[in-house]
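Only one structure is covered here, and it is reproduced in the block below.
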Amino acid sequence: MSNMQTPINSGFGPTATAQDVLRGVDLTGKTAIVTGGYSGLGLETTRALVQAGTTVIVPVRTLEKARQTLANLPNVELAELDLLDPKSIDAFANGFSRSGRSLHILINSAGIMAAPLSRDARGFESQFATNHLGHFQLTVQLFPALQKANGARVVSVSSRGHRFSGIHFDDIQFNNRDYEKWAAYGQSKTANSLFAVALDRRGKEHGIRAFSLHPGTILTDLSRFLTDEDLKAFGVSRNDANGHVPEGLSVAENGDFKTLEQGASTAVWCATSSQLNGFGGVYCENNDIAPMMAADQQSGVLGVHPWAVDFDAAEQLWEVSETLTEVKLAP
């Protein structure tokens, strides 16, 4: 993967918005699914895609909340989905499949961050289950609809937090090691990136390309589990407004803090840009393919850690995910 993780100088920088990268792009007739598409970055992603002509299906846990936030957007459909409930995922995917529609864009944006230890009904750690396994099961079941599009993209919203941890295959669920919320988050975000690597390998012959990305640091409801000390470490406080760059800070060239409009741009770029034709399985940030970090590099703003794009780890994670979800691609 190291040769593929080479920036292509897209021309869009860290301050570019989703509207900037979609300028002149007509997505009329395209269908997208955006998980988490009714709040925070997901909502901004939905808004940008709709404005470009896309019909967007937004899976939701709370229909009433979603109806309120999406009330003024045309061409948006809602359907119930709980990423921690395998039966709910099955029902959503089966419902979409029965519609007979092609799926051109799938953006796996929903997630949780730094949550206290909890487990789903299967006993799986909640961050890994929500951020990775739920999306794995959803994507595999939607694979025929993606294939039908004759040119589809799957975008997984990862994070720079993938650097906190690789995948601990000997104890993914924290059954035999002490739980640490940031290690669990980092593992789940590494899983998002590795999923793109493995999915792209399986999808490219069917016209399906997969990408992962770091959207930037944006204040959203994703921070709801953070303590005041956590926020202080990021240089922000609970009084800073969600979706805005905190007062006194700016979007530097390293693309750190961003607004919602800026934060949604890389996901939209990955999902739609012709600049990525012929690419796949890469990790992106600031509307470009991210460079590879050195394996021993402990800090630095730009780049992806090698463990997040490792081919062997991606294949191992795919096999583990099939076992845990009991879902496989149809032969």
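The values are calculated or read from the model by the stated rules, or taken from the named source; none is laboratory data. What you see is a predicted model, and the numbers here were worked out from it, not measured in a lab. Cβ: placed from backbone, ideal geometry, glycine included. Neighbour counts: every protein chain shown.
In table form, for the structure just shown:
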{"read-out": "Within the range 28-133, strands (runs of 3 or more DSSP E) holding 3 or more residues that are without any contact (Cβ under 8 Å) to a residue 24 or more places away in the chain and hydrophobic (A, V, I, L, M, F, W, C)", "value": "none"}
{"read-out": "Sole exception among (1) out of contact with any strand residue (DSSP E or B) (no Cβ under 8 Å at 6 or more places or on another chain); (2) surrounded by fewer than 18 Cβ atoms within 10 Å (Cβ to Cβ) for R101, by number", "value": "(1)"}
{"read-out": "Residue, surrounded by the fewest Cβ atoms within 10 Å (Cβ to Cβ), within the range 160-197, restricted to residues that are of a type in the set (D, E, K, R) and either modelled with pLDDT under 95 or part of a helix (DSSP H, G or I) (or both)", "value": "K181"}
{"read-out": "Residue tally, condition surrounded by fewer than 24 Cβ atoms within 10 Å (Cβ to Cβ) and under 12 Å from the mean Cα position of the chain (by Cα), over the range 110-129", "value": "1"}
{"read-out": "Flag for F143 being of a type in the set (F, W, Y), surrounded by 16 or more Cβ atoms within 10 Å (Cβ to Cβ), under 30 Å from S165 (Cα atoms) and out of contact with any helix residue (DSSP H, G or I) (no Cβ under 6 Å at 6 or more places or on another chain)", "value": "yes"}
{"read-out": "Those residues of the range 273-329 which are hydrophobic (A, V, I, L, M, F, W, C), under 26 Å from G123 (Cα atoms) and in a loop (DSSP other than H, G, I, E, B), in sequence order", "value": "V327, L329"}
